[in-house]
Amino acid sequence: MDSPTREVPKKKLILVLGAFIAFIALLVVITKMSDSGVSSSGAAQVEQQENNVYKLGETAELGTFAVSIDHTTYKTEGSSNYLELDASVKNIGNKAQMVSSNMFVLIDSMDKNYQADIGKSDISKLTVNPGITQKGKVVFEIPKDVSGFFVAVRPDSLDLGGTDYAYFDARSDRK
């Protein structure tokens with residue numbers, strides 16, 4: 001007598017294969033996020049990008065946004081040091097867009113990258129309609145002895161690779 005063989009249903013096989021493909025895709029996205037963005041663009045490389053570096057007060061068009069950084073302020077609160085940016089982001093697109101402090105990344109003279117402190121920043125807004133400007137502060141916690149900053153701005157909150165940045169020259173001596 002033959003022993004019965006058990007066949008794997010096609011639906012189950014397709015489900016397992018789909019989950020495996022989704023897992024691989026997720027690993028690729030995570031790898032891209034860690035390898036992308038400003039980490040490959042140090043301060044020295046930023047200085048060489050003449051047409052993509054803006055002075056404070058100038059406006060950079062980036063995707064569906066016109067972005068400017070008007071002023072920087074160094075602050076100390078207790079043992080923490082902060083660089084605070086006064087920024088404006090205007091929606092120049094045709095539909096509502098999200099503005100977030102995660103669009104901004106700080107690069108110091110030693111090519112270290114700093115993310116905005118979303119708890120202290122107030123520029124984030126879920127919906128900015130076309131033609132509307134969102135103004136606010138973008139705040140970075142920084143070490144006391146670091147200077148020579150560039151601000152990298154991207155057109156959205158995530159960089160999955162290949163994102164174009166505009167850079168603002170925020171280098172100045174602390175007062």
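The values are calculated or read from the model by the stated rules, or taken from the named source; none is laboratory data. None of these values were measured; they are calculated from a predicted model. Glycine also receives a Cβ, built like all others from the backbone with ideal geometry; neighbour counts cover every protein chain displayed. Protein only, heavy atoms only, side chains kept; ligands, DNA and RNA dropped before computing areas. Shrake-Rupley method; radii C 1.70, N 1.55, O 1.52, S 1.80 Å.
Taken over the stretch 124-151, residues that are among the acidic types (D, E) and either free of Cβ contacts under 8 Å to residues at least 60 places away in the same chain or within 9 Å of K90 (Cα to Cα) (or both) amount to 1. Does the stretch 75-86 contain at least one residue that is open to solvent by less than 10 Å² (accessible area, probe 1.4 Å), among the polar types (S, T, N, Q), on the phi < 0 side of the Ramachandran plot and modelled with pLDDT of 90 or more? No, the conditions are met nowhere in the stretch 75-86. Assess whether G63 counts as being at pLDDT 90 or above, in contact with a Pro (Cβ under 8 Å, 6 or more places away or on another chain) and more than 21 Å from S147 (Cα to Cα). No; evaluated as a whole, the condition is false for this residue.
Selection over the stretch 88-117 of residues that are in contact (Cβ under 8 Å) with a residue 40 or more places away in the chain and of a type in the set (G, A, S) gives a count of 3. Apart from one condition, E58 fits all of (1) over 24 Å from K120 (Cβ atoms); (2) modelled with pLDDT of 75 or more; (3) over 16 Å from the mean Cα position of the chain (by Cα); (4) surrounded by fewer than 14 Cβ atoms within 10 Å (Cβ to Cβ); the exception is (4).
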